[in-house]
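Where a number appears in this text, it was derived from the coordinates with a stated rule and is not lab data. All of these numbers come straight from a predicted model, not from anything done at the bench. In this analysis, Cβ positions are derived from the backbone assuming ideal geometry, glycine residues included, and neighbour counts consider all displayed protein chains.
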Amino acid sequence: MSRSAYETVKLARSGRRPTGLDFIQGVFSDFFELHGDRRCGDDGAVVGGLADLAGRSVTVIAIEKGHSLRERMLRSFGAPQPEGYRKALRLMKQAEKFHRPVICLVDTSGAYCGIGAEERGQGQAIAENLMEMMALRTPVISLLIGEGGSGGALALAVADRVWMLENAIYSVISPEGCASILWKDAKRAPEAAAQLKLTARDALAGGMIERIIPEEGLGKAEYYAALRQALNAELEGLLQLDTQSLLEARYQRFRRIGKEREA
Amino acid sequence: MPFLEFLFQPKNELEQGGRSAAPVQSDEREPEKTCPNCHNAIPLSRLWAGLNVCPCGYHFRMGVRARLRYLADKGTFRELFSEVRSGDPLGFPGYADKLETTRTSSREEEAVICGTAEIQWQKCCLFLMEPYFMMGSMGTAVGERITRLFEYALEHRLSVVGFTVSGGARMQEGLYSLMQMAKTSGAVKRHSDAGLFYLTVLTDPTTGGVTASFAMEGDIILAEPGATVGFAGARVIEQTTRKALPKGFQTAEFLLEHGFVDAIVPRSRQKALIARLLQMHAFEGGASA
Ligand SMILES: [Zn+2]
């Protein structure tokens with residue numbers, strides 16, 4: 001029994017879903033948070049630091065929406081400011097220096113939309129992440145755990161492997177935004193959601209992601225343990241590659257998307 | 001850099017001459033365009049002779065072919081990758097028709113044209129985005145053409161000059177469109193890591209996924225006066241924050257003030273400046289390949 005695309009959108013956005021920090025606590029151990037972008041601030045919507053994954057030191061970076069209303073407001077409901085992207089890049093560069101793999105947990109409706117974010121170069125911050133992640137000399141796995149909203153999500157998902165939870169979504173625009181621009185009617189969002197092909201299954205079929213992580217059938221502890229094991233096994237494989245092959249494969253991973261479409 | 005100062009001497013935009021972009025209608029009542037800045041009605045022929053810039057300095061939008069005429073040395077532009085066209089990867093309702101009618105009305109196949117050209121004898125790779133093709137939105141064809149251009153430039157050790165104009169991602173292509181941001185950024189990075197020069201000129205409007213990828217990745221970023229440049233749309237920001245936007249928000253001048261562009265350069269001075277910057281970054285033994 002499959003649900004509609006818009007039902008999946010609602011699930012992906014649900015406040016009862018585990019957030020980035022829940023995954024960090026469940027999958028990793030000994031998390032030590034590192035703050036700040038060393039430029040101008042510390043964005044609460046992006047949480048990053050050092051952690052242990054099945055005995056291996058990794059850098060983990062998550063977009064965090066928060067649970068309580070107060071926390072959600074402090075974290076701008078998981079919409080990163082430029083400082084969030086710059087902090088993420090700082091931690092990735094640090095991971096590169098020490099040959100530590102990077103795991104990104106992505107859950108955002110999109111990059112923060114505001115006057116200050118524009119003044120401090122939201123577009124430039126995202127662009128820099130895309131460019132630098134493409135050449136980061138250490139393995140990167142990105143896991144979309146909820147909403148994968150456009151460029152604001154992609155800025156943490158230029159990776160060697162991109163996985164999605166079963167009920168996560170990944171889209172170039174919100175279904176509401178798409179419906180109101182194309183049809184001047186945000187109420188037609190369910191229709192837009194179906195057309196945008198934003199579910200994990202669509203993303204897998206289109207070659208945008210490598211794997212779907214099922215959400216049901218396991219208890220909480222077993223679930224996180226299985227994910228820990230899967231991430232560890234994947235890192236094992238990626239760490240076998242020499243840097244040149246890793247970077248070439250990452251380049252080609254994105255290079256081929258849209259390549260076949262010519263007259 | 002004092003030797004560049006001559007480029008910034010004030011000049012009357014209309015004294016450029018000899019570059020009229022279209023045959024002038026000699027009807028008794030010549031068509032006019034009202035300038036949104038000074039509100040004067042400007043005869044179209046006068047506008048075209050002045051690079052589509054009002055005497056008050058307001059820069060009207062400009063299609064790719066008109067831009068090529070003032071930018072590239074006569075007869076030097078060789079278009080590349082024109083065979084790359086967008087498909088309809090999602091089978092999005094209405095998109096195939098929209099592409100067809102846009103191709104007819106704009107007389108372009110896609111929202112960017114790429115090629116090689118000489119700018120005052122400086123050979124380079126050039127891409128120009130087309131405001132009259134779905135407002136320069138980035139789909140797979142735009143991403144693929146730009147990526148190929150950077151790969152070509154890397155292979156031939158050429159600088160890249162790019163004029164951006166874009167409403168953002170082409171939503172009818174869904175994730176295929178979004179991924180072009182990563183793909184183009186990867187190609188820019190490889191070109192950059194090889195020590196090659198990339199110059200962008202942001203024109204009105206440059207927004208969304210193009211701002212958040214190759215538009216902001218230039219070694220030098222120039223902008224046209226008054227151009228709207230930003231990531232999120234101004235109306236969306238206003239609706240989300242329920243705050244009045246500051247005067248001049250998301251203009252080229254606003255970006256200059258906040259440190260995100262190197263200089264604002266009027267159209268009349270672009271060609272000479274770009275040629276000079278290309279010359280300063282010419283790769284020894286490679287730039288004239
Ligand atoms: Zn005027």
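The slack in the chain from residue A:244 to residue A:93, taken as 0.36 nm per residue of separation less the alpha-carbon distance, amounts to 52.6 nm.
In terms of other Cβ atoms within 10 Å, A:68, A:171, B:137, B:45 run from fewest to most in the order A:68, B:45, B:137, A:171. In the distance distribution for segment A:5-262, Cα-Cα pairs more than 22 Å apart total 53 percent. Label sites at residue B:61 and residue A:201, each approximated as a point 7 angstrom past Cα along Cα to Cβ, lie 4.0 nm apart.
At a Förster radius of 56 Å, what calculated FRET efficiency corresponds to the Cβ-Cβ distance of residue A:71 and residue B:39, to the nearest 0.05? Can you show the working numbers first?
Working: r = 51 Å, r/R0 = 0.90.
The pair residue A:71/residue B:39 has a calculated efficiency of 0.65.
Take each residue of peptide B:132-140, count the partner chain Cβ atoms within 10 Å of its Cβ, and average: the result is 1.
Loop-resident chymotrypsin sites (Phe, Trp or Tyr not before Pro) (DSSP state other than H, G, I, E or B) in segment B:160-267 with no more than 16 further Cβ atoms inside 10 Å of their Cβ: B:249. Largest first and in whole Å, the equivalent-ellipsoid semi-axes of the protein assembly as shown read 41, 25, 22, each the square root of five times a Cα gyration tensor eigenvalue.
What order do you get for B:114, B:56, A:113 when you list them from fewest to most C-beta neighbours inside 10 Å? Each step should come with its number before you reach the end.
On the way: B:114 26, B:56 12, A:113 21.
If I rank by nearby Cβ atoms, fewest first, I get B:56, A:113, B:114.
Dimensions of segment B:129-207 along the principal axes, based on C-alpha atoms and rounded to the nearest Å, stand at 34, 25, 15, largest first.
With a Förster radius of 22 Å applied to the beta-carbon distance between residue A:14 and residue A:184, the computed FRET efficiency rounds to 0.20. Among the lysines, which fall within straight-line cross-link reach of residue A:220, defined as a Cα-Cα distance under 18 Å, with same-chain neighbours fewer than 8 residues apart omitted? Of all the lysines, none pass the test against residue A:220 - Cα under 18 Å, at least 8 places apart if same chain. Restricting the calculation to Cα atoms, every distinct pair contributes to the Kirkwood radius of segment B:62-280, found to be 17.5 Å. Once the Cα-Cα distance is subtracted from the 0.36 nm per residue extended length, the residue B:238 to residue B:98 segment shows a gain of 47.5 nm.
Going down the list A:184/B:98; B:123/B:189; A:259/B:183, which pairs span over 19 Å between their C-alpha atoms? Mind dumping the intermediate values first?
Working: A:184/B:98 17 Å; B:123/B:189 21 Å; A:259/B:183 10 Å.
Correct reply: B:123/B:189.
Placing +1 on the Cβ of every Lys and Arg and -1 on the Cβ of every Asp and Glu, with no other charges, gives chain B a dipole of roughly 200 debye about its Cα centre.
Just want to confirm a number: the relative contact order over segment A:5-262, from Cα pairs under 8 angstrom separated by 6+ residues, in percent. Write out the running numbers ahead of the final one.
Working: 511 pairs, mean separation 46.4, N = 258.
RCO, segment A:5-262: 18 percent.
Among the lysines of segment A:1-156, pairs that are 8 or more positions apart or on different chains and have alpha carbons within less than 28 Å of each other number 4.
Can you pull out the trypsin sites (Lys or Arg not before Pro) in segment A:89-191 whose DSSP state is coil and whose Cβ has at most 10 other Cβ atoms within 10 Å? Before the final figure, lay out each step's value.
Details: sites: A:90, A:93, A:97, A:120, A:137, A:161, A:184, A:187, A:188; in loops: A:120, A:137, A:184.
When the trypsin sites (Lys or Arg not before Pro) of segment A:89-191 are filtered for loop state and at most 10 Cβ neighbours within 10 Å, A:184 remain.
Taking the Cα centre of segment A:55-119 as reference, the dipole from Cβ charges on Lys and Arg (+1) and Asp and Glu (-1) amounts to some 340 debye. Dividing the Cα radius of gyration of segment A:149-263 by its Kirkwood radius returns 1.04 for Rg/Rh. Applying 1/(1 + (r/R0)^6) with r as the Cβ-Cβ distance of residue B:219 and residue B:258 and R0 = 22 angstrom yields a FRET efficiency of 0.70. Checking every one of the GluC sites (Glu not before Pro) in segment B:74-147 against DSSP loop status and a limit of 16 other Cβ atoms within 10 Å picks out B:83. Calculated translational diffusion coefficient of segment A:12-100 (25 °C, 0.890 mPa s; Stokes-Einstein with Kirkwood radius over alpha-carbon pairs) equals 184 µm²/s.
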